[in-house]
Amino acid sequence: DNIVEYFERGGNQVLSKAPFREEYEAFFEKVLKEGDEKLHIAVSSSVSLSCKNASAAAERFSGRVHVLDSHQLSTGMAHLVLTAPQMVNQGKTTADIMKELECMRDRVSTGFIAENANYLYRAGHVGKFVKNVCELLKIHPVLGVKNGSMSLKGIKIGNYENALRRYVRREMRQLSSIEKERVFITHSGCSLKAVTTVKQEVTRLCSFREVYVTEASATISCNCGANTIGVLFVRQ
């Protein structure tokens, strides 16, 4: 049955793996030459073994490596990564930084809209019936991170460009609660037109101090497929 399922998925089932404990140990050993302590911000433990493996590796270094479960993925993590050095410059301790980031991580709004469900099907996140229905009715899945886990949180129907605008408006509702420091527009192989459409809608709705357009990692891309784009920001 597994073989049949594999070929039904097109013979191209997508898989991704977290770095092993030994890889983290080698990495930590290298970066510790640059400082007394290191704070490692890991992808959510609910979607990857990265945090678990990094935590196991950190035990070797007698409290010099601190691992934080970001409860995030992709550039949702980047908000934490960019905030941490600011607190270092303010003279805050590692314990204080971790405490503040733990409060911040669940205020990060992370969501993506995919053009179709094909790669979600190949990665095993949705069934064949859902994939076929999405294709037939031009349904675009909207994925979101909540409590560290990625799940389907909605759909948009119809022309994809129009769906992108509606996705942005939905994601950025309650504008008064959005922190204006920065926003990431992260995509996996989207056209310039699609990226421009999303950026224009984002900047029309909210005046962020910094707007970053970034490409999703290979790990994210292989699970969601091309023409997937997300808007990631922090709420107060």
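Treating r as the C-beta distance of Glu22 and Lys128 and R0 as 41 Å, the FRET efficiency rounds to 0.65. Computing FRET efficiency as 1/(1 + (r/R0)^6) for Lys146 and Gln174, where r is the C-beta to C-beta distance and R0 is 22 Å, gives about 0.90.
Rounded to the nearest 10 square angstrom, Asp106 shows an accessible area of 90 square angstrom against a 1.4 Å probe.
Measuring against 32 Å, Cα to Cα, the residue pairs Lys17/Lys146; Lys131/Lys180; Lys99/Lys153; Lys17/Lys92 contain Lys131/Lys180; Lys17/Lys92 as the ones spanning a longer distance.
Measuring max minus min along each principal axis, the C-alpha atoms of the chain give extents of 56, 49, 27 Å (largest first).
At 1.4 Å probe size, with the rest of the protein present, what percent of the exposed accessible area of segment 67-161 is carbon and sulfur atoms?
Working: 2620 of 4680 Å².
Carbon and sulfur: 56 percent of the exposed surface of segment 67-161.
Shown is the FRET efficiency for Ser191 and Ser62, computed with R0 = 45 Å from the Cβ-Cβ distance and rounded to the nearest 0.05: 0.35.
Over all Cα atoms in segment 62-131, the spread is summed up by Rg and Dmax: 17.3, 54 Å. The percentage of C-alpha pairs in segment 16-102 whose separation is greater than 18 Å is 43%. Return the loop-located trypsin sites (Lys or Arg not before Pro) in segment 44-152 (DSSP other than H, G, I, E, B) with at most 15 other Cβ atoms within 10 Å of their own Cβ; answer none if there are none. Listed in order of number, the matching sites are Arg64, Lys92, Lys138. For segment 35-154, what D do you get in µm² per second when you plug the Kirkwood radius from alpha-carbon pairs into Stokes-Einstein at 37 °C and 0.692 mPa s? The diffusion coefficient I find is 204 µm²/s. Once both axes come from the Cα atoms, what is the angle between helix 160-171 and the longest principal axis of the chain, in degrees from 0 to 90, rounded to 10? So the inclination is approximately 40 degrees. By the rule of a C-alpha distance below 15 Å, with chain neighbours fewer than 8 residues away ignored, the aspartates and glutamates paired with Lys33 are Glu25. How many Å² of accessible area per residue for segment 49-170, probe 1.4 Å? Result: 50 Å² of accessible area for each residue. Here each label is just a point 7 Å from Cα along the line to Cβ, and for Ser46 and Arg165 those points are 3.3 nm apart.
Could you list the residues of segment 74-94 with an amide nitrogen less than 12 Å from a label point located 7 Å from the Cα of Glu34 in the Cα-to-C-beta direction? No residue qualifies, since no backbone N sits under 12 Å from the label point. Give me the angle, in degrees from 0 to 90, between the Cα long axis of helix 75-89 and the longest principal axis of the Cα atoms of the chain, rounded to the nearest 10. Helix 75-89 and the main axis of the chain meet at about 20 degrees.
The values are calculated or read from the model by the stated rules, or taken from the named source; none is laboratory data. Fair warning: this is a prediction, and the values are worked out from it, not measured in the lab. Using ideal geometry, Cβ is built from the backbone for each residue, glycine included, and neighbour counts are taken over all protein chains shown. For accessibility, only protein heavy atoms count, side chains too; no ligands or nucleic acids. Shrake-Rupley method; radii C 1.70, N 1.55, O 1.52, S 1.80 Å.
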